[in-house]
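The values are calculated or read from the model by the stated rules, or taken from the named source; none is laboratory data. Everything numeric here is computed off the predicted structure, so don't read it as measured data. Glycine also receives a Cβ, built like all others from the backbone with ideal geometry; neighbour counts cover every protein chain displayed. Calculation scope for accessible area: heavy atoms of the full protein, side chains included, ligands and nucleic acids excluded. Shrake-Rupley method; radii C 1.70, N 1.55, O 1.52, S 1.80 Å.
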Amino acid sequence: MKLATLKDGSRDGKLVVVNERLTYCTDASHIAPTLQAALDDWAAVAPKLALLAESLSHEAVPTIRFHEHDALSPLPRAYQWADGSAYVNHVELVRKARGAQMPDSFWTDPLMYQGGSDTFLAPRDPIRMRDEAWGIDMEGEIAVVTGDVPMGVSPEEALEAIQLVMIVNDVSLRGLIPAELGKGFGFFQSKPSSAFSPVAVTPDELGDAWQDGKLHLPLSVDLNGAPFGRAQAGVDMTFDFGQLIAHAAKSRNLGAGTIIGSGTVSNKLDGGPGKPVSEGGVGYSCIAEIRMIETIKEGQAKTPFMKFGDTVRIEMLDADGHSIFGAIEQTVEKV
């Protein structure tokens with residue numbers, strides 16, 4: 001089942017069911033007006049949405065063309081957005097580039113921060129910033145949406161709470177991060193609004209690509225029309241989504257509609273840092289990572305962060321080359 005939220009002039013949009021190829025959709029607002037409303041009563045609502053999806057596949061319900069530009073993020077705002085760092089290779093490179101040792105605990109206890117969730121960007125909205133000097137960067141990630149999760153849940157039980165899967169551009173302002181972290185109190189200004197894929201899908205829709213709480217497909221990241229990253233999302237993922245959700249729920253209940261991110265998708269190459277796509281590697285899901293590798297190898301970074309007018313596109317294709325979630329495509333604009 002594939003779900004989307006169409007723009008209708010309201011903050012939370014209108015829920016629709018989308019067909020497998022993302023070409024048509026049908027109104028689902030008579031079942032649940034918004035995706036959050038559906039998640040709040042998922043046990044009762046999901047079977048009705050599934051029946052509607054089946055009817056859509058047989059062209060037995062009214063349809064309209066599905067245009068990704070008309071979609072908001074599936075949850076235009078959420079009660080909670082917590083982003084992990086499941087690809088510890090990425091964390092290791094960050095620390096190595098600045099000459100810092102990585103604590104052993106980073107391999108057993110996930111990093112996670114709580115991001116702003118009141119104003120997610122639509123997947124084709126521009127990234128509007130005041131200053132290029134802030135170090136504007138994209139971060140291609142996988143995210144899941146949960147139902148209600150009790151405090152102290154096990155990783156195995158947590159997997160059962162995953163209702164939907166999406167991809168995300170977790171925008172970062174690298175130039176603001178050091179000063180914020182230097183205060184010892186975490187991210188805020190350096191983590192502006194993120195954008196999620198036009199479509200959210202149920203895990204069963206992913207078939208064999210969804211296994212053990214991981215999505216085993218490459219994540220495509222293009223920068224200004226050129227391949228930048230093709231990292232395999234199921235490879236080098238130290239913590240699966242069950243572990244990430246359990247970590248978030250250690251000391252609190254998680255409400256339905258909680259979004260948990262994977263952190264930047266990152267792969268090693270032969271046990272070492274990756275290589276650009278142009279050199280036969282799988283590239284990177286953020287600019288910071290190639291800058292880290294340049295710093296490690298050459299003593300300084302040379303790849304610039306995003307400038308006004310730059311465009312990033314993030315997408316994931318299935319084994320047959322069809323887009324699963326639709327594309328996040330955003331251009332950086334000056335406010």
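Starting from residues that are in a strand (DSSP E or B) and under 14 Å from residue 276 (Cα atoms), keep the ones in segment 210-231 and report whichever is farthest from the chain's Cα centre (by Cα).
That would be 226.
Out of the residues in segment 121-179 that are assigned to a loop (DSSP other than H, G, I, E, B) and aliphatic (A, V, I, L, M), which is nearest to residue 204 (Cα to Cα)?
Looking at residues that are assigned to a loop (DSSP other than H, G, I, E, B) and aliphatic (A, V, I, L, M), I get 161.
Against the definition (open to solvent by 20 Å² or more (accessible area, probe 1.4 Å), modelled with pLDDT of 90 or more and outside any helix (DSSP H, G or I)), how does residue 118 come out, yes or no?
yes
Rundown of residues vs (1) part of a strand (DSSP E or B); (2) closer than 24 Å to residue 22 by Cα; (3) free of Cβ contacts under 8 Å to residues at least 40 places away in the same chain, yes/no style:
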position: 235; (1), (2), (3): no, no, yes
position: 243; (1), (2), (3): no, no, no
position: 263; (1), (2), (3): no, no, no
position: 266; (1), (2), (3): no, no, no
position: 293; (1), (2), (3): no, no, no
position: 302; (1), (2), (3): no, no, yes
position: 319; (1), (2), (3): no, yes, no
position: 325; (1), (2), (3): no, yes, no
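In this structure, does residue 113 turn out to be open to solvent by less than 10 Å² (accessible area, probe 1.4 Å) and within 15 Å of residue 168 (Cβ to Cβ)?
No.
Residue by residue through segment 276-335, note down the ones that are at positive phi and open to solvent by less than 20 Å² (accessible area, probe 1.4 Å).
283, 326
Please determine whether any residue of segment 44-61 is open to solvent by less than 20 Å² (accessible area, probe 1.4 Å), outside any strand (DSSP E or B), in contact with a strand residue (DSSP E or B) (Cβ under 9 Å, 6 or more places away or on another chain) and under 22 Å from residue 262 (Cβ atoms).
No, segment 44-61 contains no residue that is open to solvent by less than 20 Å² (accessible area, probe 1.4 Å), outside any strand (DSSP E or B), in contact with a strand residue (DSSP E or B) (Cβ under 9 Å, 6 or more places away or on another chain) and under 22 Å from residue 262 (Cβ atoms).
So, in segment 87-108, exactly how many residues are part of a helix (DSSP H, G or I), surrounded by 11 or more Cβ atoms within 10 Å (Cβ to Cβ), at pLDDT 70 or above and not β-branched (Val, Ile, Thr)?
Residues meeting the conditions: 8.
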